[in-house]
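The values are calculated or read from the model by the stated rules, or taken from the named source; none is laboratory data. Here the structure is a predicted model, which means the values were calculated and not measured. Positions of Cβ are generated from backbone atoms using ideal geometry, with glycine treated the same way; all protein chains shown enter the neighbour counts. The protein model used for the area step is the full one, side chains on, heavy atoms only, and it has no ligands, DNA or RNA in it. Shrake-Rupley method; radii C 1.70, N 1.55, O 1.52, S 1.80 Å.
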Amino acid sequence: MGNLLTGDSFKEPTTVEECDSTWDTDSGGEEEQGDDEEEAESVDVKQSGGEEESAADGADAGNQRDCSSIEPNVKPKRSFYAARDLYKYRHQYPNFKDLRCQNDLCNLRFYMNKIPFKPDGVYIEEILNKWTGDYDKLEHNHTYIQWLFPLREQGLNFYAKELTSCEIEEFKKSKEAIKRFVLAYKMMLDFFGLKLVDKKGKVLRATNWQERFQHLNESQHNYLRITRILKSLGELGYENFKSPLVKTFLEESIVENTIPNMKQSALEYFVYTIKDRSERRKLLRFASHHYQPPEHFIWGPSKQPKPDQSKTIKKISLNRSLKKNTQKSEDNKMDHSMERPQNLSSDVEEWQLEQVEEENSQRAEGDDAGKESENDVYKSEHSQDVILCPAIASPISSTTDEEGTKQSKEANKVQEKRYKM
(Lines give C-alpha, C1' and ligand atoms only; values in the text may rest on other atoms or scores of the structure.)
Protein backbone atom coordinates (compact mmCIF):
# COMPACT_ATOMS: atom_id res chain seq x y z
CA MET A 1 0.00 0.00 0.00
CA GLY A 2 1.18 3.50 -0.70
CA ASN A 3 2.67 5.28 2.26
CA LEU A 4 0.22 7.97 3.37
CA LEU A 5 2.20 9.48 6.24
CA THR A 6 5.84 9.54 5.24
CA GLY A 7 6.38 13.30 5.29
CA ASP A 8 7.18 15.34 8.37
CA SER A 9 5.53 18.52 7.11
CA PHE A 10 1.95 17.32 7.48
CA LYS A 11 0.36 17.91 10.86
CA GLU A 12 -2.42 15.39 11.35
CA PRO A 13 -5.75 16.80 12.56
CA THR A 14 -6.88 15.83 16.04
CA THR A 15 -10.50 17.02 16.12
CA VAL A 16 -13.59 16.89 13.93
CA GLU A 17 -13.48 20.69 13.67
CA GLU A 18 -9.98 20.59 12.23
CA CYS A 19 -11.10 18.05 9.63
CA ASP A 20 -14.29 19.80 8.55
CA SER A 21 -13.87 23.01 6.51
CA THR A 22 -17.40 23.00 5.08
CA TRP A 23 -18.51 26.19 6.80
CA ASP A 24 -15.19 28.03 6.81
CA THR A 25 -16.05 30.36 3.91
CA ASP A 26 -18.69 31.08 1.31
CA SER A 27 -16.13 31.70 -1.39
CA GLY A 28 -16.91 28.52 -3.32
CA GLY A 29 -14.98 25.35 -3.96
CA GLU A 30 -12.30 23.71 -1.93
CA GLU A 31 -8.70 24.54 -2.51
CA GLU A 32 -7.45 21.06 -2.11
CA GLN A 33 -6.81 20.18 -5.78
CA GLY A 34 -3.41 18.61 -5.33
CA ASP A 35 -2.61 20.87 -2.35
CA ASP A 36 -2.23 19.82 1.25
CA GLU A 37 -3.01 23.14 2.82
CA GLU A 38 -6.45 22.38 4.11
CA GLU A 39 -7.31 18.76 4.86
CA ALA A 40 -5.86 15.26 5.11
CA GLU A 41 -6.26 12.17 7.19
CA SER A 42 -4.42 9.11 8.42
CA VAL A 43 -5.30 5.54 7.55
CA ASP A 44 -4.94 3.65 10.80
CA VAL A 45 -8.65 3.58 11.69
CA LYS A 46 -10.98 4.64 8.92
CA GLN A 47 -14.42 4.14 7.53
CA SER A 48 -13.01 2.65 4.35
CA GLY A 49 -9.58 2.20 3.14
CA GLY A 50 -11.13 0.20 0.92
CA GLU A 51 -14.22 1.53 2.27
CA GLU A 52 -15.64 -1.93 1.92
CA GLU A 53 -14.29 -3.65 5.03
CA SER A 54 -10.51 -3.70 5.37
CA ALA A 55 -8.93 -5.52 8.27
CA ALA A 56 -7.42 -2.28 9.54
CA ASP A 57 -10.69 -0.50 8.93
CA GLY A 58 -12.92 -2.97 10.72
CA ALA A 59 -13.38 -0.73 13.74
CA ASP A 60 -14.68 2.17 11.70
CA ALA A 61 -16.70 -0.05 9.41
CA GLY A 62 -18.56 -1.03 12.53
CA ASN A 63 -18.74 2.65 13.39
CA GLN A 64 -20.63 3.42 10.19
CA ARG A 65 -23.00 0.52 10.77
CA ASP A 66 -23.60 1.59 14.36
CA CYS A 67 -24.24 5.21 13.47
CA SER A 68 -27.07 4.11 11.20
CA SER A 69 -28.91 2.37 14.03
CA ILE A 70 -28.99 5.30 16.45
CA GLU A 71 -32.27 5.60 18.33
CA PRO A 72 -34.44 8.49 17.08
CA ASN A 73 -34.52 10.26 20.46
CA VAL A 74 -30.75 10.13 20.99
CA LYS A 75 -28.77 13.08 19.66
CA PRO A 76 -26.11 11.81 17.21
CA LYS A 77 -22.41 12.58 17.50
CA ARG A 78 -19.83 13.40 14.88
CA SER A 79 -17.33 10.62 14.16
CA PHE A 80 -13.72 11.76 14.29
CA TYR A 81 -12.61 8.69 12.30
CA ALA A 82 -15.07 9.45 9.52
CA ALA A 83 -14.05 13.11 9.47
CA ARG A 84 -10.36 12.25 9.38
CA ASP A 85 -10.76 9.63 6.64
CA LEU A 86 -12.69 11.97 4.38
CA TYR A 87 -10.34 14.83 5.29
CA LYS A 88 -7.53 12.81 3.77
CA TYR A 89 -9.52 11.77 0.70
CA ARG A 90 -10.68 15.28 -0.23
CA HIS A 91 -7.11 16.53 -0.28
CA GLN A 92 -5.42 13.89 -2.35
CA TYR A 93 -3.77 12.14 0.61
CA PRO A 94 -1.09 14.56 1.83
CA ASN A 95 2.41 13.11 1.87
CA PHE A 96 1.17 10.09 -0.10
CA LYS A 97 3.88 8.26 -1.99
CA ASP A 98 3.21 5.65 -4.64
CA LEU A 99 5.27 2.65 -3.57
CA ARG A 100 3.82 0.41 -6.24
CA CYS A 101 5.56 0.27 -9.61
CA GLN A 102 4.04 2.87 -11.92
CA ASN A 103 3.93 0.33 -14.75
CA ASP A 104 1.82 -2.08 -12.71
CA LEU A 105 -1.52 -0.76 -13.94
CA CYS A 106 -3.53 -3.70 -12.67
CA ASN A 107 -6.76 -1.73 -12.12
CA LEU A 108 -6.62 -0.36 -15.63
CA ARG A 109 -5.75 -3.78 -17.09
CA PHE A 110 -8.72 -5.28 -15.23
CA TYR A 111 -11.04 -2.69 -16.79
CA MET A 112 -9.46 -3.34 -20.18
CA ASN A 113 -10.60 -6.99 -19.71
CA LYS A 114 -6.98 -8.21 -19.82
CA ILE A 115 -6.82 -9.73 -16.33
CA PRO A 116 -9.54 -11.13 -14.01
CA PHE A 117 -10.04 -9.83 -10.52
CA LYS A 118 -8.54 -11.89 -7.71
CA PRO A 119 -9.17 -14.14 -5.96
CA ASP A 120 -12.35 -15.07 -7.87
CA GLY A 121 -10.76 -15.06 -11.32
CA VAL A 122 -13.70 -13.27 -13.03
CA TYR A 123 -13.23 -10.76 -15.88
CA ILE A 124 -14.99 -7.41 -15.99
CA GLU A 125 -17.07 -8.33 -19.03
CA GLU A 126 -18.51 -11.35 -17.25
CA ILE A 127 -19.40 -9.23 -14.22
CA LEU A 128 -21.17 -6.62 -16.32
CA ASN A 129 -23.05 -9.18 -18.42
CA LYS A 130 -23.88 -11.90 -15.91
CA TRP A 131 -23.89 -10.28 -12.48
CA THR A 132 -26.20 -7.35 -13.33
CA GLY A 133 -29.52 -8.04 -11.63
CA ASP A 134 -28.10 -10.97 -9.64
CA TYR A 135 -28.71 -9.28 -6.31
CA ASP A 136 -27.76 -12.30 -4.19
CA LYS A 137 -24.32 -12.50 -5.78
CA LEU A 138 -23.77 -8.75 -5.51
CA GLU A 139 -24.91 -8.80 -1.88
CA HIS A 140 -22.86 -11.73 -0.60
CA ASN A 141 -19.64 -11.45 -2.59
CA HIS A 142 -17.23 -9.08 -0.83
CA THR A 143 -14.19 -9.22 -3.12
CA TYR A 144 -15.40 -7.60 -6.34
CA ILE A 145 -16.21 -4.13 -5.03
CA GLN A 146 -12.53 -3.14 -4.53
CA TRP A 147 -11.81 -4.00 -8.17
CA LEU A 148 -14.87 -2.29 -9.61
CA PHE A 149 -14.29 0.91 -7.63
CA PRO A 150 -10.58 1.24 -6.86
CA LEU A 151 -9.20 3.84 -4.46
CA ARG A 152 -5.83 5.10 -3.36
CA GLU A 153 -6.37 3.11 -0.15
CA GLN A 154 -6.10 -0.59 0.63
CA GLY A 155 -9.36 -2.46 1.23
CA LEU A 156 -10.32 -5.82 2.69
CA ASN A 157 -9.37 -7.67 -0.49
CA PHE A 158 -5.59 -7.60 -0.33
CA TYR A 159 -5.39 -8.99 -3.85
CA ALA A 160 -6.81 -5.70 -5.07
CA LYS A 161 -4.27 -2.94 -5.56
CA GLU A 162 -4.75 0.69 -4.65
CA LEU A 163 -4.75 3.27 -7.42
CA THR A 164 -1.62 5.26 -8.18
CA SER A 165 -1.56 8.81 -9.52
CA CYS A 166 -0.07 7.55 -12.77
CA GLU A 167 -2.76 4.90 -13.13
CA ILE A 168 -5.53 7.45 -12.55
CA GLU A 169 -4.27 9.57 -15.44
CA GLU A 170 -3.98 6.57 -17.75
CA PHE A 171 -7.42 5.34 -16.74
CA LYS A 172 -9.02 8.66 -17.65
CA LYS A 173 -7.44 8.52 -21.10
CA SER A 174 -8.94 5.10 -21.90
CA LYS A 175 -12.44 5.35 -23.41
CA GLU A 176 -12.88 1.60 -23.08
CA ALA A 177 -12.08 1.61 -19.38
CA ILE A 178 -14.27 4.65 -18.70
CA LYS A 179 -17.21 3.10 -20.56
CA ARG A 180 -17.03 -0.06 -18.46
CA PHE A 181 -16.59 2.00 -15.28
CA VAL A 182 -19.90 3.81 -15.97
CA LEU A 183 -21.61 0.46 -16.68
CA ALA A 184 -20.34 -0.85 -13.35
CA TYR A 185 -21.80 2.23 -11.67
CA LYS A 186 -25.17 1.62 -13.33
CA MET A 187 -25.09 -2.01 -12.17
CA MET A 188 -24.63 -0.93 -8.56
CA LEU A 189 -27.31 1.75 -8.84
CA ASP A 190 -29.73 -0.95 -9.99
CA PHE A 191 -28.70 -3.02 -6.98
CA PHE A 192 -29.61 -0.07 -4.75
CA GLY A 193 -32.96 0.52 -6.52
CA LEU A 194 -31.90 3.54 -8.63
CA LYS A 195 -31.13 4.32 -12.26
CA LEU A 196 -28.89 6.85 -14.03
CA VAL A 197 -30.92 9.10 -16.33
CA ASP A 198 -28.46 11.60 -17.83
CA LYS A 199 -24.80 12.46 -18.31
CA LYS A 200 -24.87 14.93 -15.42
CA GLY A 201 -25.32 12.11 -12.93
CA LYS A 202 -29.00 12.56 -12.14
CA VAL A 203 -30.56 9.45 -10.62
CA LEU A 204 -34.18 8.41 -10.06
CA ARG A 205 -35.99 5.51 -8.46
CA ALA A 206 -35.97 2.27 -10.44
CA THR A 207 -39.16 0.27 -10.98
CA ASN A 208 -38.27 -2.10 -8.13
CA TRP A 209 -37.25 0.67 -5.75
CA GLN A 210 -39.49 -0.40 -2.85
CA GLU A 211 -37.98 -3.86 -2.61
CA ARG A 212 -34.44 -2.59 -3.03
CA PHE A 213 -34.85 0.30 -0.58
CA GLN A 214 -36.17 -2.08 2.05
CA HIS A 215 -33.14 -4.30 1.53
CA LEU A 216 -30.83 -1.26 1.64
CA ASN A 217 -32.42 -0.13 4.88
CA GLU A 218 -31.73 -3.53 6.47
CA SER A 219 -28.36 -4.41 4.89
CA GLN A 220 -26.28 -1.56 6.24
CA HIS A 221 -22.89 -2.84 5.16
CA ASN A 222 -23.87 -1.50 1.73
CA TYR A 223 -23.42 2.02 3.11
CA LEU A 224 -19.69 1.28 3.14
CA ARG A 225 -19.91 0.28 -0.50
CA ILE A 226 -21.72 3.52 -1.35
CA THR A 227 -18.99 5.57 0.30
CA ARG A 228 -16.36 3.65 -1.69
CA ILE A 229 -18.28 4.20 -4.92
CA LEU A 230 -18.55 7.92 -4.25
CA LYS A 231 -14.83 8.18 -3.57
CA SER A 232 -13.96 6.21 -6.70
CA LEU A 233 -16.19 8.41 -8.85
CA GLY A 234 -14.19 11.39 -7.69
CA GLU A 235 -10.83 9.71 -8.33
CA LEU A 236 -11.67 8.64 -11.88
CA GLY A 237 -13.17 11.84 -13.22
CA TYR A 238 -16.85 11.69 -12.21
CA GLU A 239 -16.97 14.12 -9.32
CA ASN A 240 -20.13 15.65 -10.82
CA PHE A 241 -22.00 12.33 -10.37
CA LYS A 242 -21.66 12.46 -6.59
CA SER A 243 -23.94 15.33 -5.56
CA PRO A 244 -27.06 13.96 -7.36
CA LEU A 245 -26.60 10.55 -5.74
CA VAL A 246 -26.05 11.99 -2.26
CA LYS A 247 -29.02 14.33 -2.65
CA THR A 248 -31.22 11.34 -3.58
CA PHE A 249 -30.11 9.38 -0.53
CA LEU A 250 -30.75 12.41 1.70
CA GLU A 251 -34.26 12.75 0.27
CA GLU A 252 -35.06 9.07 0.72
CA SER A 253 -33.62 8.79 4.23
CA ILE A 254 -34.67 12.14 5.73
CA VAL A 255 -37.63 13.46 3.73
CA GLU A 256 -39.38 10.34 2.39
CA ASN A 257 -38.22 8.10 5.24
CA THR A 258 -37.90 5.14 2.86
CA ILE A 259 -34.35 4.37 4.04
CA PRO A 260 -34.34 5.81 7.57
CA ASN A 261 -31.35 3.78 8.74
CA MET A 262 -29.18 5.47 6.12
CA LYS A 263 -29.69 8.97 7.51
CA GLN A 264 -26.59 9.10 9.72
CA SER A 265 -24.27 7.58 7.11
CA ALA A 266 -25.56 9.93 4.42
CA LEU A 267 -24.77 12.97 6.57
CA GLU A 268 -21.60 11.72 8.21
CA TYR A 269 -19.97 10.02 5.21
CA PHE A 270 -21.68 10.51 1.85
CA VAL A 271 -21.86 14.30 2.00
CA TYR A 272 -18.21 14.62 2.99
CA THR A 273 -16.91 12.68 -0.01
CA ILE A 274 -17.80 15.76 -2.09
CA LYS A 275 -14.78 17.96 -2.62
CA ASP A 276 -16.56 21.20 -3.43
CA ARG A 277 -17.25 22.99 -0.17
CA SER A 278 -20.20 24.95 -1.57
CA GLU A 279 -21.87 21.73 -2.77
CA ARG A 280 -21.53 20.23 0.70
CA ARG A 281 -23.14 23.31 2.19
CA LYS A 282 -26.09 23.06 -0.21
CA LEU A 283 -26.69 19.43 0.73
CA LEU A 284 -26.40 20.10 4.46
CA ARG A 285 -28.75 23.07 4.27
CA PHE A 286 -31.27 20.89 2.45
CA ALA A 287 -30.93 18.20 5.10
CA SER A 288 -31.23 20.69 7.97
CA HIS A 289 -34.60 21.93 6.66
CA HIS A 290 -36.10 18.44 6.90
CA TYR A 291 -34.16 16.83 9.74
CA GLN A 292 -36.22 15.75 12.76
CA PRO A 293 -35.87 16.71 15.49
CA PRO A 294 -34.16 19.87 14.21
CA GLU A 295 -32.21 20.43 17.44
CA HIS A 296 -30.39 17.14 16.81
CA PHE A 297 -28.92 18.33 13.51
CA ILE A 298 -25.19 18.58 14.27
CA TRP A 299 -23.71 19.14 10.81
CA GLY A 300 -24.25 22.87 10.61
CA PRO A 301 -21.68 25.62 11.31
CA SER A 302 -19.72 25.08 14.49
CA LYS A 303 -20.53 27.46 17.35
CA GLN A 304 -17.01 27.18 18.70
CA PRO A 305 -14.27 28.91 16.65
CA LYS A 306 -11.35 26.81 15.51
CA PRO A 307 -7.97 27.38 17.24
CA ASP A 308 -6.70 29.39 14.29
CA GLN A 309 -9.91 31.40 14.24
CA SER A 310 -9.56 32.11 17.99
CA LYS A 311 -6.05 33.39 17.43
CA THR A 312 -7.31 35.56 14.59
CA ILE A 313 -10.10 37.00 16.75
CA LYS A 314 -7.63 37.78 19.56
CA LYS A 315 -5.25 39.34 17.07
CA ILE A 316 -8.02 41.51 15.63
CA SER A 317 -9.03 42.65 19.14
CA LEU A 318 -5.42 43.48 19.98
CA ASN A 319 -5.01 45.42 16.75
CA ARG A 320 -8.18 47.38 17.47
CA SER A 321 -7.00 48.33 20.97
CA LEU A 322 -3.61 49.34 19.61
CA LYS A 323 -5.30 51.47 16.97
CA LYS A 324 -7.40 53.19 19.64
CA ASN A 325 -4.31 53.94 21.76
CA THR A 326 -2.44 55.17 18.70
CA GLN A 327 -5.35 57.41 17.77
CA LYS A 328 -5.44 58.90 21.27
CA SER A 329 -1.72 59.65 21.20
CA GLU A 330 -2.06 61.20 17.76
CA ASP A 331 -4.92 63.39 19.02
CA ASN A 332 -2.76 64.56 21.93
CA LYS A 333 0.07 65.36 19.56
CA MET A 334 -2.32 67.34 17.38
CA ASP A 335 -3.40 69.37 20.41
CA HIS A 336 0.21 70.21 21.25
CA SER A 337 1.08 70.86 17.64
CA MET A 338 -1.30 73.84 17.64
CA GLU A 339 1.14 75.57 20.01
CA ARG A 340 4.33 74.38 18.31
CA PRO A 341 6.01 74.92 14.93
CA GLN A 342 4.42 72.46 12.50
CA ASN A 343 7.63 71.71 10.62
CA LEU A 344 9.49 70.28 13.62
CA SER A 345 9.56 66.64 14.56
CA SER A 346 8.37 65.61 18.01
CA ASP A 347 11.91 64.82 19.15
CA VAL A 348 13.20 68.23 18.05
CA GLU A 349 10.23 69.94 19.65
CA GLU A 350 10.81 68.24 22.98
CA TRP A 351 14.52 69.04 22.89
CA GLN A 352 13.84 72.73 22.13
CA LEU A 353 11.26 72.93 24.88
CA GLU A 354 13.75 71.48 27.32
CA GLN A 355 16.35 74.04 26.20
CA VAL A 356 13.93 76.91 26.60
CA GLU A 357 12.84 75.73 30.03
CA GLU A 358 16.46 75.30 31.10
CA GLU A 359 17.38 78.80 29.90
CA ASN A 360 14.36 80.29 31.67
CA SER A 361 15.26 78.55 34.90
CA GLN A 362 18.88 79.76 34.63
CA ARG A 363 17.72 83.30 34.02
CA ALA A 364 15.34 83.13 36.95
CA GLU A 365 18.14 81.88 39.22
CA GLY A 366 20.42 84.65 37.96
CA ASP A 367 17.83 87.30 38.58
CA ASP A 368 17.19 85.99 42.08
CA ALA A 369 20.94 86.02 42.84
CA GLY A 370 21.29 89.58 41.50
CA LYS A 371 18.37 90.75 43.51
CA GLU A 372 19.79 89.25 46.69
CA SER A 373 23.25 90.83 46.12
CA GLU A 374 21.80 94.26 45.34
CA ASN A 375 19.55 94.12 48.36
CA ASP A 376 22.51 93.16 50.61
CA VAL A 377 24.69 95.99 49.30
CA TYR A 378 21.89 98.47 49.55
CA LYS A 379 21.08 97.45 53.13
CA SER A 380 24.69 97.51 54.32
CA GLU A 381 25.82 100.82 52.72
CA HIS A 382 22.66 102.87 52.84
CA SER A 383 20.65 101.72 55.82
CA GLN A 384 20.81 105.18 57.39
CA ASP A 385 19.72 106.85 54.19
CA VAL A 386 16.77 104.47 53.97
CA ILE A 387 15.78 105.42 57.48
CA LEU A 388 16.16 109.10 56.65
CA CYS A 389 14.14 108.71 53.44
CA PRO A 390 10.98 106.77 54.32
CA ALA A 391 9.29 108.10 51.22
CA ILE A 392 11.71 106.09 49.11
CA ALA A 393 11.81 102.96 51.26
CA SER A 394 8.08 102.65 51.58
CA PRO A 395 7.36 102.12 47.86
CA ILE A 396 10.13 99.56 47.60
CA SER A 397 8.69 97.38 50.31
CA SER A 398 5.11 97.63 49.02
CA THR A 399 5.64 96.94 45.35
CA THR A 400 6.23 93.74 43.46
CA ASP A 401 9.72 92.30 43.04
CA GLU A 402 10.16 93.78 39.60
CA GLU A 403 8.99 97.25 40.57
CA GLY A 404 11.04 97.11 43.78
CA THR A 405 14.18 96.36 41.80
CA LYS A 406 13.63 99.40 39.55
CA GLN A 407 12.91 101.71 42.46
CA SER A 408 15.99 100.51 44.37
CA LYS A 409 18.12 101.35 41.37
CA GLU A 410 16.63 104.85 41.22
CA ALA A 411 17.26 105.27 44.94
CA ASN A 412 20.90 104.29 44.44
CA LYS A 413 21.27 106.93 41.77
CA VAL A 414 19.82 109.56 44.12
CA GLN A 415 22.20 108.59 46.92
CA GLU A 416 25.16 108.63 44.56
CA LYS A 417 24.28 112.17 43.58
CA ARG A 418 24.11 113.13 47.25
CA TYR A 419 27.54 111.68 47.96
CA LYS A 420 28.99 113.57 45.03
CA MET A 421 27.49 116.75 46.31
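Table for the structure above
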{"quantity": "Estimated inter-spin distance, N129 and E218, nm [label 7 Å along Cα→Cβ]", "calculated": "3.3"}
{"quantity": "Computed FRET value (nearest 0.05) for T207 with D104, which takes r as the C-beta separation and R₀ as 41 Å", "calculated": "0.45"}
{"quantity": "For peptides 196-203, 158-165, 253-260, 221-228, sequence by mean Cβ density within 10 Å, most packed first", "calculated": "221-228, 158-165, 253-260, 196-203"}
{"quantity": "Potential lengthening between K195 and E139 on full extension [0.36 nm per residue; Cα-Cα distance subtracted]", "calculated": "18.4 nm"}
{"quantity": "Accessible area (Å², 1.4 Å probe, nearest 10) - E169", "calculated": "100"}
{"quantity": "Per-selection Rg to Rh, the range 206-267 - Cα, Kirkwood hydrodynamic radius", "calculated": "0.97"}
{"quantity": "Amide H contacts of L194 (H built 1.01 Å from N, under 5 Å, at least 5 apart or other chain)", "calculated": "A206"}
{"quantity": "Rg(Cα) / (2.2 N^0.38 Å) computed for the range 125-192, rounded to two decimals", "calculated": "1.15"}
{"quantity": "Two-site FRET efficiency, D120 against E256, from Cβ-Cβ distance with R₀ of 35 Å, rounded to 0.05", "calculated": "0.45"}
{"quantity": "Separation in nanometres of the label points that stand 7 Å from Cα toward Cβ, at S278 and N95", "calculated": "3.3"}
{"quantity": "Cα-based radius of gyration of the range 102-220 once divided by 2.2 N^0.38 Å, which approximates compact folds", "calculated": "1.10"}
{"quantity": "Lysine-lysine proximity count for the range 103-181, Cα under 25 Å, sequence distance 8 or more or distinct chains", "calculated": "23"}
{"quantity": "Estimated D of the range 164-308 in µm² per second, where Rh is the Kirkwood radius over Cα pairs and Stokes-Einstein applies at 10 °C, 1.306 mPa s", "calculated": "98"}
